[in-house]
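The values are calculated or read from the model by the stated rules, or taken from the named source; none is laboratory data. Here the structure is a predicted model, which is why all the values come from computation and not from measurement. Please note: Cβ atoms are built from the backbone with ideal geometry, for glycine as well, and neighbour counts cover all protein chains shown.
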Amino acid sequence: MTTADDRRRSPVAALVLGWILPGAGHAYAGRWGKAALFFVLITGLLVMGLVLADGTNILPRRLWYAAQICAGGPAAALTPISQYLSTHDGPVDWADPLHEMGTLYTAVAGFLNLLVMMDAYTRLAYPHRAEEQEEETD
């Protein structure tokens, strides 16, 4: 149900908050359960991907970084750690299957966060559509 408070909330603010911290856009929209779920799932996927690749797969000079940085603040915070580990732990085995899987996990986390950000945006930008969908599921 759409309230007057929802109409005053900015969809762009939800989008930006969702990039800064996965799920924060939904928290801003008042959907705390979804916010917690999205934060845990996206951040967990990002961290699991980093662990699988021994912390050496979130690097700005790699093509995958465009997808990884969509995971927002956590990916931006993990970037310097990954850069440090990739330069100080010896040569990175780019063909290692675990490294490739970790890179894929972090990229998927970024793509999922894009979907979550857009969901928070559309919930506030088009409240009548969200209301119709909730009525259909009841």
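What number of residues within the range 12-71 are farther than 24 Å from residue 122 by Cβ and basic (Lys, Arg)?
2
Mind listing whichever residues of the range 66-93 are farther than 16 Å from residue 51 by Cβ and small (Gly, Ala, Ser)?
Start the filter on the range 66-93 by keeping residues that are farther than 16 Å from residue 51 by Cβ, which leaves 66-67, 69-70, 72-73, 76, 80, 83, 87-88, 90-91.
Within the range 66-93, 66, 67, 72, 73, 76, 90 meet the criteria.
Please find, within the range 64-98, the residue that is nearest to the chain's Cα centre (by Cα) out of those that are small (Gly, Ala, Ser) and in a loop (DSSP other than H, G, I, E, B).
Kept after step one, since they are small (Gly, Ala, Ser), are these residues of the range 64-98: 66-67, 71-73, 75-77, 82, 86, 90, 95.
Checking which are in a loop (DSSP other than H, G, I, E, B) leaves us with 72, 90, 95.
Values: 72: 6, 90: 29, 95: 26 Å.
The selected residue is 72.
I'd like the full set of residues that are among the aromatic types (Phe, Trp, Tyr), touching a residue at least 60 places away in the same chain (Cβ under 8 Å) and either in a loop (DSSP other than H, G, I, E, B) or closer than 17 Å to residue 106 by Cα (or both), limited to the range 6-43. Give the steps one after another, and end with the answer.
First, pick out the residues of the range 6-43 that are among the aromatic types (Phe, Trp, Tyr): 19, 28, 32, 38-39.
Retained after the next criterion (residues that are touching a residue at least 60 places away in the same chain (Cβ under 8 Å)): 19, 28, 38.
Residues satisfying the conditions are 19, 38.
Can you name every residue in the range 97-133 that is polar (S, T, N, Q) and either buried (at least 24 other Cβ atoms within 10 Å of the Cβ) or modelled with pLDDT of 90 or more (or both)? Spell out the reasoning first.
So in the range 97-133, the residues polar (S, T, N, Q) come out as 103, 106, 113, 122, 133.
Those that are polar (S, T, N, Q) and either buried (at least 24 other Cβ atoms within 10 Å of the Cβ) or modelled with pLDDT of 90 or more (or both): 103, 106, 113, 122.
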